[in-house]
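Here is the structure we will look at, set down as structure tokens.
Just so it is clear, none of the values below were taken in a lab; they were calculated from the coordinates. All of these numbers come straight from a predicted model, not from anything done at the bench. Every residue, glycine among them, receives a Cβ derived from its backbone with ideal geometry; neighbour counts consider all protein chains shown.
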Amino acid sequence: DMLAFSIVIHGHTHPLLLLQNSFSATSNGQGVGINYGQIANNLPSPARVAVLLRSLNITRVKLYDADPNVLSSFSNSQVDFMIGLGNEFLQNMSTDPTKAQSWIQQRLQTHITKTRITSIVVGNEIFKTNDRVLISSLLPAMKAVYSALTNLGLEKQVTVTSAHSLDMLQTSYPPSSGSFKQEFIQFLQPLLDFHSQIKSSFLINAYPFFAYMDSPKEIPLEYVLFQPNQGIVDPNTNLHYDNMLFAQVDALYSAIKTLGHTDVEVRISETGWPSKGDENEIGATPENAALYNGNLLRLVQQRKGTPGKQSVPIDVYVFALFNENLKPGPASERNYGLFYPDGKPVYNVGLQGYLPDIIYSSSASTIKTLNLWRAVMGLAVAGLIGLDMGVKMRMPLIIGLYLVFSSPSRSITTTPCFSFHLSLTAAILFCNGWSLMFFIPFTTRKHMFNEES
């Protein structure tokens with residue numbers, strides 16, 4: 001898709017770099033998605049984010065939890081969600097499968113009829129913790145989640161997986177020699193067997209930025225930013241690599257193959273580049289971030305595969321949608337976002353987006369309160385107006401105004417009941433010298449409140 005690259009912020013248009021790309025999934029469900037993290041105290045509401053992502057043509061989103069506010073805000077949308085089950089749940093679920101059943105029923109089942117949830121990511125970068133109890137809990141927890149989905153008949157609709165860090169690799173160069181750390185193999189062998197059994201992808205969080213930051217003199221910047229460069233040739237396969245991300249993915253494929261699997265697909269659950277960092281975080285600039293993400297989007301659009309898996313287009317979730325001001329760690333951790341919380345782009349990567357100034361809550365409690373207010377006001381106004389009218393005129397007026405104010409917000413402007421009573425009440429008011437302008441606030445109020453479910 002060709003996107004027009006300007007972003008409207010608070011009524012003003014900001015031109016962006018022209019670039020042909022799309023965040024929408026391709027026909028086989030692959031392409032580019034976005035990580036929507038929320039470790040911040042200044043982010044826009046999920047309802048506003050839903051508008052932004054729709055304007056960006058983003059149809060795949062990865063969450064780190066199963067935030068009901070987010071899932072509700074995206075109901076009846078065309079967005080596919082990967083939801084996260086946090087590390088803190090794994091140990092209990094691994095020993096008590098009923099905990100997994102409860103989590104699925106509360107966090108997933110209540111939303112899946114309206115919001116498209118396609119995957120549950122059980123745990124994040126578990127092996128990086130070096131916590132043996134947590135690591136040994138991962139597979140039993142994944143099995144408990146899968147069993148819970150099977151019990152509900154959702155196992156074909158929702159896949160089960162986990163996201164990992166490249167730290168689990170012992171060797172990554174050359175890519176054909178990729179191997180896992182020896183201490184993890186006892187856990188990874190049955191984990192990969194399970195992935196193969198249920199046909200789910202192996203997710204990896206891959207950041208060439210870290211490799212460049214650690215060795216800026218040895219690693220050419222062009223090699224990590226997808227720019228023209230000499231690249232490397234794998235001496236075992238003679239395959240040429242012109243970027244580090246593809247080399248990292250193929251190293252993981254090689255490591256998986258050493259454990260007997262060629263049937264498990266690798267997908268990139270996180271990758272990105274920070275626009276700002278501490279003094280020692282070399283390369284963390286908006287210029288480099290724009291090059292990394294912009295060039296990555298082009299490769300995805302071209303449906304490029306890695307040299308070792310040329311027939312499999314890379315599948316990527318960019319990190320991240322927003323800068324998150326409460327993330328701990330070095331400054332780079334708070335500066336991976338494509339957008340600032342106010343919707344302004346951090347750098348020009350060629351994305352058109354619109355973040356509305358405000359969208360009012362449409363929660364059930366808010367709608368009930370609003371409808372109660374309408375009913376009371378309808379009776380009060382009808383009563384006051386009816387004082388001047390004959391007895392025969394008062395009753396239809398009261399009924400009409402009551403329905404105008406109190407009709408359920410979801411269908412007020414489309415039901416025949418509403419149209420009939422609005423016309424009836426308007427006619428009565430007109431005959432008695434009342435201005436039809438009285439109705440303007442009520443017939444247009446759907447524009448003042450976002451009342452979608």
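Per-residue Karplus couplings for the stretch 37-48, computed as 6.51 cos²θ - 1.76 cosθ + 1.60 with θ equal to phi - 60°, are listed in order as x, 9, 8, 6, 10, 9, 7, x, 5, x, 5, 6 Hz, Gly and Pro entered as x. Taking amide H atoms as placed 1.01 Å from N in the peptide plane, the amide H of THR171 lies under 5 Å from those of SER179, each 5 or more residues away in sequence or on another chain.
Across the stretch 154-166, coupling constants 3J(HN,Hα) worked out from phi with the 6.51/-1.76/1.60 Karplus curve, θ = phi - 60°, read 10, 5, 8, 8, 10, 8, 10, 8, 8, 10, 10, 9, 5 Hz, and Gly and Pro carry x. Classify the stretch 50-189: rounded, prolate or oblate, from the alpha-carbon gyration tensor (a ≥ b ≥ c, eigenvalue square roots; a/c under 1.5 rounded; otherwise prolate if a/b is larger than b/c)? Oblate, because a/c is 1.5 or more while a/b does not exceed b/c. For trypsin sites (Lys or Arg not before Pro), no site in the stretch 233-338 is both called loop by DSSP and has at most 11 other Cβ atoms within 10 Å.
Cross-link partners for LYS257 among the aspartates and glutamates, with Cα-Cα distance under 20 Å and sequence neighbours closer than 8 places in the same chain left out: ASP167, GLU183, ASP193, ASP234, GLU265, ASP315. Under a 5 Å amide H cut-off, with hydrogens placed 1.01 Å from N, ALA40 pairs with LEU326 among residues at least 5 apart or on other chains. Among the listed pairs LYS199/LYS327; LYS181/LYS309; LYS114/LYS199; LYS181/LYS276; LYS99/LYS128, those with a Cα-Cα distance over 30 Å are LYS199/LYS327; LYS181/LYS276. Using the Karplus relation 6.51 cos²θ - 1.76 cosθ + 1.60 with θ = phi - 60°, the per-residue 3J(HN,Hα) values for the stretch 200-209 come to 10, 7, 9, 9, 10, 9, 10, 10, x, 3 Hz, with x marking Gly and Pro. Taking amide H as placed 1.01 Å from N in the peptide plane, the amide H of ARG60 sits under 5 Å from that of ILE34, ASP80, each at least 5 places away or on another chain.
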